[in-house]
Amino acid sequence: MARIEKMGGFVTPPPEPGLSARVWLDVDCTQIGLAMARSLGDHAVKPIGVIAEPVVTIHDVRPEDDFVILATDGVWEFISSDEAVQLVARNLASGATKACQALIEAAAAKWHDEEGDYRDDITALVVRLRHLWTSN
């Protein structure tokens, strides 16, 4: 947040617990608003401190890890990490594709509830990990 504000950007707090703060070009929050402070390709907000350098967390994959979710901000805008994990876990027995579809559909429904006909891109990938530990 300090980096964004130092560069002249504006940050609004999350609208509710589990959701993201937003970065804005203007104090009235009418111009471009992103739900992240790091992004690839959002050149319009580079001058206010939005950067492409990621925050990296290392997690050693273990046999008890079931899956990993990779998703764009269109998923994370209205769905928390915990909610996404629970949703995918509930649907994983039907396969990673079905679990991913359920996540995307839930994200689209949340966008519709919050924004009407507008929505950001919603892209996700669910990778099952459990099968990495079994030999054929």
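The values are calculated or read from the model by the stated rules, or taken from the named source; none is laboratory data. Note that the coordinates shown come from a computational prediction; the quantities given were computed from them, not determined experimentally. As a convention, Cβ positions derive from the backbone with ideal geometry for all residues, glycine included, and neighbour counts pool all protein chains shown. Accessible surface is based on the protein model in full, side chains and every heavy atom, while ligands, DNA and RNA are left aside. Shrake-Rupley method; radii C 1.70, N 1.55, O 1.52, S 1.80 Å.
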| query | Which of the lysines could a cross-linker span from Lys98 if the Cα-Cα distance has to be under 27 Å and same-chain partners fewer than 8 positions apart are dropped? | reply | Lys110
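Could you size up the charge dipole of the stretch 1-127 around its Cα centre, putting +1 on the beta carbon of Lys and Arg and -1 on that of Asp and Glu, and report it in debye to the nearest 20?
On the way: 10 positive and 21 negative charges, 62 e Å.
That gives a dipole near 300 debye.
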| message | Considering only protein heavy atoms and a probe of 1.4 Å, how much of the accessible area of the stretch 55-121 is carbon and sulfur, as a whole percent? | response | 50 percent
| request: Measure off 7 Å from each Cα along the Cα-to-Cβ vector at Val127 and Met1, then give the distance between these two points in nanometres to one decimal. | output: 3.3 nm
| How fast does the stretch 79-132 diffuse by Stokes-Einstein, in µm²/s, taking the Kirkwood radius from C-alpha pairs at 20 °C and 1.002 mPa s? | 182 µm²/s
| remark: Summing -39500 (n - 2.57) over every DSSP H run of at least 4 in the chain, dividing by its residue total and rounding to the nearest 500, the 222 nm mean residue ellipticity is -8500 deg cm²/dmol
| Highest-fluctuation residue, Thr30, Thr97, Thr123 considered, GNM on the chain with Cα pairs under 10 Å | Thr30
| remark: Given [x] 1.01; [y] 1.11; [z] 1.03 as possible values of Rg/Rh (Cα atoms, Kirkwood Rh), the one from the coordinates is [z]
| request: Using the Karplus curve 6.51 cos²θ - 1.76 cosθ + 1.60 with θ = phi - 60°, work out ³J(HN,Hα) for each residue of the stretch 54-61 in order, rounded to whole Hz, and write x for Gly and Pro. | output: x, 8, 10, 10, 9, 10, 6, 5
| Using the heavy atoms of the protein chains alone and a 1.4 angstrom probe, what is the accessible area of the chain per residue in square angstrom? | 66 Å²
| remark: Computed over the chain: longest principal axis from alpha-carbon atoms vs helix 81-91 long axis, angle to nearest 10 degrees, is 30 degrees
